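Q: I'd like to ask some things about the structure below.
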Amino acid sequence: MPRLVSPSLLAADFLHLEKEIEMINKSQADWLHLDIMDGVFVPNISYGIPVLESIKPLLKKPMDVHLMIVDPDRYVEVFRKAGAEILTVHYEACPHLHRTIQHIKDNGMKAGVSLNPHTPVSLLKNIINDVDMVLLMSVNPGFGGQKFIENTYNKVIELRKMIEQQGASTIIQIDGGVDSTNAKALYDAGADCLVAGSAVFRSKDPLLAIEGLKNA
Ligand code: DX5
Ligand code: ZN
């Protein structure tokens with residue numbers, strides 16, 4: 001099972017983005033997690049396409065883009081052009097999820113589906129084989145720096161079981177409140193990829209923080 005780390009740029013120093021990207025390039029990070037919020041699906045607005053386009057030529061790691069927006073289908077091509085390698089949409093924002101997943105894959109990206117903390121894992125049983133990654137939100141989406149929701153462990157275990165039962169190769173990603181205190185337990189429960197914003201970019205030594213998560 002892979003052990004991946006995807007630092008979330010949301011907690012970075014936006015005045016010095018070039019330095020932050022150089023740190024990510026030097027680090028053991030596998031991907032860079034980019035949170036796109038529209039102020040409608042979530043009660044916050046983050047950054048958008050021009051920021052991704054500016055980062056892309058400098059970044060040496062795949063862009064892991066987490067869309068917290070309504071009607072994500074409208075923006076699949078736009079995010080592919082901006083440089084996304086992995087594109088994750090929210091289950092709660094997609095009435096035609098199967099079509100959206102195919103749309104993402106047809107554009108040459110890996111397709112992810114994210115579940116809010118209250119959304120049951122069991123809702124994915126008829127689509128799990130089509131999905132490259134499931135992102136389990138371990139906080140309510142919209143903000144960095146929130147407290148990890150403990151019920152996430154139950155969801156990881158249930159999802160891991162579903163993936164194994166169906167012989168799928170879906171990656172399990174965890175996002176929200178991840179740090180050195182829960183990273184090992186999350187990997188042990190069956191997670192493959194940890195997203196961390198504050199625990200990386202707000203730490204005194206981000207390189208060491210990434211290494212710590214990777215080798216938790
Ligand atoms: C929250 C975002 C997360 C956020 C995580 O809506 O999806 O990716 O940046 O931040 P931390 O790690 O600080 O909880
Ligand atoms: Zn995210």
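Q: Please list, ordered by first then second residue, the pairs with beta carbon atoms under 7 Å, 6 or more apart or interchain, first in the stretch 182-210 and touching a residue at least 60 places away in the same chain (Cβ under 8 Å) and open to solvent by 10 Å² or more (accessible area, probe 1.4 Å), second within 16 Å of ligand 2 (Cβ to nearest atom) and part of a loop (DSSP other than H, G, I, E, B).
A: Gly197/Gly144; Ser198/Gly144; Ser198/Gly145; Phe201/Ala12
Q: Looking at the stretch 109-126, which of its residues are part of a helix (DSSP H, G or I) and open to solvent by less than 10 Å² (accessible area, probe 1.4 Å)?
A: Val121, Leu124 - these are the residues of the stretch 109-126 that are part of a helix (DSSP H, G or I) and open to solvent by less than 10 Å² (accessible area, probe 1.4 Å).
Q: Right, another one. Suppose we keep only residues that are open to solvent by less than 10 Å² (accessible area, probe 1.4 Å) and hydrophobic (A, V, I, L, M, F, W, C) within the stretch 87-108. Which one would you say is farthest from Asp30 (Cα to Cα)? Steps first, please.
A: Filtering the stretch 87-108 down to residues open to solvent by less than 10 Å² (accessible area, probe 1.4 Å) leaves 87-90, 100-101, 104.
So of that shortlist, the ones also hydrophobic (A, V, I, L, M, F, W, C) come out as 87, 89, 101, 104.
Working: Leu87: 15, Val89: 20, Ile101: 23, Ile104: 21 Å.
Ranking the candidates gives Ile101 first.
For (1) of a type in the set (Val, Ile, Thr); (2) more than 16 Å from ligand 2 (Cβ to nearest atom); (3) at pLDDT 95 or above, each residue gets a yes or a no:
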{"site": "Lys26", "(1), (2), (3)": "no, yes, yes"}
{"site": "Ala29", "(1), (2), (3)": "no, no, yes"}
{"site": "His33", "(1), (2), (3)": "no, no, yes"}
{"site": "Asp38", "(1), (2), (3)": "no, no, yes"}
{"site": "Val42", "(1), (2), (3)": "yes, no, yes"}
{"site": "Ile49", "(1), (2), (3)": "yes, yes, yes"}
{"site": "Ser54", "(1), (2), (3)": "no, yes, yes"}
{"site": "Lys60", "(1), (2), (3)": "no, yes, yes"}
{"site": "Phe79", "(1), (2), (3)": "no, no, yes"}
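Q: Looking at the stretch 172-181 only, could you name the residues that are within 18 Å of the chain's Cα centre (by Cα) and either more than 16 Å from ligand 2 (Cβ to nearest atom) or crowded, with 20+ Cβ neighbours inside 10 Å (or both)?
A: Residues satisfying the conditions are Ile172, Gln173, Ile174, Asp175, Gly176, Gly177, Val178, Ser180.
Q: Select from the stretch 85-105 the residues that are part of a strand (DSSP E or B) and either among the β-branched types (Val, Ile, Thr) or within 14 Å of ligand 2 (Cβ to nearest atom) (or both) and list them in ascending order.
A: Ile86, Leu87, Thr88, Val89, His90
The values are calculated or read from the model by the stated rules, or taken from the named source; none is laboratory data. These numbers were taken from a predicted model, which means no experiment stands behind them. Backbone-built Cβ (ideal geometry, glycine too); neighbour counts: all protein chains shown. Quick note on the areas: whole protein, heavy atoms, side chains included, nothing else; ligands and nucleic acids left out. Shrake-Rupley method; radii C 1.70, N 1.55, O 1.52, S 1.80 Å.
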